[in-house]
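The values are calculated or read from the model by the stated rules, or taken from the named source; none is laboratory data. Model, not experiment: these values are computed from the prediction. As a convention, Cβ positions derive from the backbone with ideal geometry for all residues, glycine included, and neighbour counts pool all protein chains shown.
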Amino acid sequence: MSHFTATQFARSGVIRCDAAIEDVFPLLCPKREEEWVPGWECETIWSKSGYNEEGAIFRTRKPFGTELYWTTLRYDLPQKAIDFLIVAPHRYQFRFTIDLHVEREQALLLTFTHVFTSVSDEGNQFLAQYREEDFAERLKHLETLLNHHLKNITT
């Protein structure tokens, strides 16, 4: 039997948006992302509301081609925090937290933090290809999409 050694690393970055927290918070849901992320598809496996809530489970495959299971550990508007555990079976898992900070009226900072841990040699290979620049580019793209969506729904 070969010896497997897990790898772990973290990525963090900030998205800025000009909107009230009440408008943004509900959009931070794997299912609701279909409304504002082109090509995004999400299946709700379990949720009383059909959307994000504590204990909800979702499955995504697109746009990245990897089957991911999302479990919402925390969905807390008063504390301005969302916490997911996301699992790519037999590859890796990552903790995904979103902390929201009200910068000023109609302005938010969303801190996205991912902590990846491989669970197999295949996961180690996959994670070795995920560079810091890729994460920064994805966040910038999400920021653009979110702000565009918020502008269009409020005008």
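At-a-glance table
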{"quantity": "Residue match in the range 55-62 (condition: under 28 Å from H90 (Cβ atoms) and at pLDDT below 95)", "calculated": "yes"}
{"quantity": "The range 94-105: number of residues that are farther than 19 Å from V115 by Cβ and part of a strand (DSSP E or B)", "calculated": "4"}
{"quantity": "Residue list for the range 106-155, filter: of a type in the set (S, T, N, Q), farther than 30 Å from T5 by Cβ and in a helix (DSSP H, G or I)", "calculated": "T144, N147, N152, T154"}
{"quantity": "Unmet criterion (only one of (1) surrounded by 17 or more Cβ atoms within 10 Å (Cβ to Cβ); (2) charged (D, E, K, R); (3) closer than 15 Å to R95 by Cα; (4) free of Cβ contacts under 8 Å to residues at least 24 places away in the same chain) for R11", "calculated": "(4)"}
{"quantity": "Single residue of the range 14-33 satisfying the filter (assigned to a helix (DSSP H, G or I) and not basic (K, R)) that is surrounded by the fewest Cβ atoms within 10 Å (Cβ to Cβ)", "calculated": "E22"}
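Conditions tested, residue by residue: (1) out of contact with any helix residue (DSSP H, G or I) (no Cβ under 8 Å at 6 or more places or on another chain); (2) over 17 Å from A20 (Cβ atoms).
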residue	(1), (2)
Q106	yes, no
F112	no, yes
F116	no, yes
E122	yes, yes
Y130	yes, yes
E137	yes, yes
K151	yes, no
